[in-house]
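The values are calculated or read from the model by the stated rules, or taken from the named source; none is laboratory data. What you see is a predicted model; the values in this text were computed from it and never measured. Ideal geometry is used to build each Cβ from the backbone, glycine not excepted, and the neighbour counts take in all protein chains shown.
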Amino acid sequence: MLLLRRRSPGEAEKRPLVVIKLDIINRVADKTGVPKMKAEQAVEALFHSMKEALTRGERIELRGFGVFVVKPRKDLQAHDDGDADIDVDDDSGDDDEF
């Protein structure tokens, strides 16, 4: 089972638990018996491959786990408390969604 941890030590109990990349690396090392350095390389390679596929606009389907897809979204506009409007431009205009 993966180690789940709070986002920060003082957060309220009702906040969701999170798994960080280091937790995944440690779990891969424990389950496979490979050194943590090799497990880290494997996890990094997996994430890199996923990022490349999403960048190319491909959909990633992992049966029994989930689907990753980049969806286009509208540009965001933020407003300052003062008089001026501030445009927030997120170059891609896409959202990574899981």
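Name the residues in the stretch 23-39 that are assigned to a helix (DSSP H, G or I) and exposed (fewer than 13 other Cβ atoms within 10 Å of the Cβ), would you?
Asp30, Lys31, Thr32, Met37
Out of the residues in the stretch 40-79 that are part of a loop (DSSP other than H, G, I, E, B) and of a type in the set (A, V, I, L, M, F, W, C), which is modelled with the lowest pLDDT?
By that ranking, first place goes to Leu76.
What's the number of the only condition in (1) more than 26 Å from Val69 (Cβ to Cβ); (2) surrounded by 10 or more Cβ atoms within 10 Å (Cβ to Cβ) that Val43 fails to meet?
In the conditions (1) more than 26 Å from Val69 (Cβ to Cβ); (2) surrounded by 10 or more Cβ atoms within 10 Å (Cβ to Cβ), Val43 misses (1) alone.
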